[in-house]
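S.K.: Please read through the structure below; I'll follow up with questions.
The values are calculated or read from the model by the stated rules, or taken from the named source; none is laboratory data. Note that the structure is predicted; figures quoted are calculated from it, not measured. Cβ coordinates were reconstructed from backbone atoms using ideal geometry, including for glycine residues, and neighbour counts include every protein chain displayed. These area figures cover heavy atoms from the full protein model, side chains too; ligands, DNA and RNA do not enter into them. Shrake-Rupley method; radii C 1.70, N 1.55, O 1.52, S 1.80 Å.
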Amino acid sequence: MAGEIEDAIERAEQETFTRKPPKTLKGQIGYLLRQLGTAKAVAAEIGVTADSVNRYRRGARKNPPKDIAAKIDAAVRQRWQPRVRERRRREAATRGITVETRARFGYTAPIGTTDDGRFRRLTVHLPPQYARRLFDARDAGAGDQQMRQIIAEGFKDVYFQDGGARATDLSDVAINDIDYLDLDY
């Protein structure tokens, strides 16, 4: 199962689509066949037989099981408009990303101050270097915890320390108990 950060990146990418992906089963299977080349390759991708893929393509089978329908939809969305996604990522890497979340933030603070974590609802625009690091980590197969840490470092720099203008003694910031997290770029 993908983590909250991975899901947020996927939602942000899907919002950038200039056209909607195919909705009908025949349309989705047709698209996957064009992308992957053969019914056997599509079958391996979605976990069915090549005969089932051909039945879906012809319309002989119209209602796949829910788990197979979800795999088909995910496979189509994963491959849909790769150039649009790549262009938006390049733009985000030069302009930054906006992160909106409600989560428990904890941090290590100097003695005499409170470092108790508490829920905060934040909308923060992170500079381009954090967007680049986040996308590079995702492409390298980083886990959700590593991507959370990148976002937490961005929040520490931009929100908690205001670019070095305050809370300079603050060291580690951690994001825990995410209620929701949304990215926009």
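S.K.: Got at least one residue in segment 98-121 being outside any helix (DSSP H, G or I), hydrophobic (A, V, I, L, M, F, W, C), modelled with pLDDT of 90 or more and open to solvent by less than 40 Å² (accessible area, probe 1.4 Å)?
M.R.: Yes, because at least one residue in segment 98-121 is outside any helix (DSSP H, G or I), hydrophobic (A, V, I, L, M, F, W, C), modelled with pLDDT of 90 or more and open to solvent by less than 40 Å² (accessible area, probe 1.4 Å).
S.K.: If you don't mind, there's one more thing I want to ask. Yes or no: T16 surrounded by fewer than 17 Cβ atoms within 10 Å (Cβ to Cβ) and in contact with a Lys or Arg (Cβ under 6 Å, 6 or more places away or on another chain)?
M.R.: Answer is yes for this residue.
S.K.: Determine which member of the set R88, R95 is more than 16 Å from I29 (Cα to Cα) and surrounded by 15 or more Cβ atoms within 10 Å (Cβ to Cβ).
M.R.: So the residue among R88, R95 that is more than 16 Å from I29 (Cα to Cα) and surrounded by 15 or more Cβ atoms within 10 Å (Cβ to Cβ) is R88.
S.K.: Also, I was wondering about something else. Restricting attention to segment 141-185, and to residues there that are touching a strand residue (DSSP E or B) at 6+ places or on another chain (Cβ under 7 Å) and of a type in the set (G, A, S), which single residue is modelled with the lowest pLDDT?
M.R.: Filtering segment 141-185 for residues that are touching a strand residue (DSSP E or B) at 6+ places or on another chain (Cβ under 7 Å) and of a type in the set (G, A, S), the one modelled with the lowest pLDDT comes out as A174.
S.K.: Do you know which residues across segment 35-69 are closer than 17 Å to P21 by Cβ and either touching a His at 6+ places or on another chain (Cβ under 6 Å) or open to solvent by 60 Å² or more (accessible area, probe 1.4 Å) (or both)?
M.R.: Within segment 35-69, Q35, E45, R57 qualify.
S.K.: Return only the number of the condition from (1) in a helix (DSSP H, G or I); (2) at pLDDT below 90; (3) under 30 Å from A43 (Cα atoms) that I72 does not satisfy.
M.R.: Evaluating I72 over (1) in a helix (DSSP H, G or I); (2) at pLDDT below 90; (3) under 30 Å from A43 (Cα atoms) leaves (2) as the failure.
S.K.: Is there a residue being farther than 27 Å from E91 by Cα and assigned to a helix (DSSP H, G or I) anywhere in segment 15-24?
M.R.: Scanning segment 15-24, I find no residue that is farther than 27 Å from E91 by Cα and assigned to a helix (DSSP H, G or I), so the answer is no.
S.K.: Looking only at segment 129-140, filter to residues that are modelled with pLDDT of 90 or more and open to solvent by 30 Å² or more (accessible area, probe 1.4 Å); which one of those is nearest to R90 (Cα to Cα)?
M.R.: The selected residue is R132.
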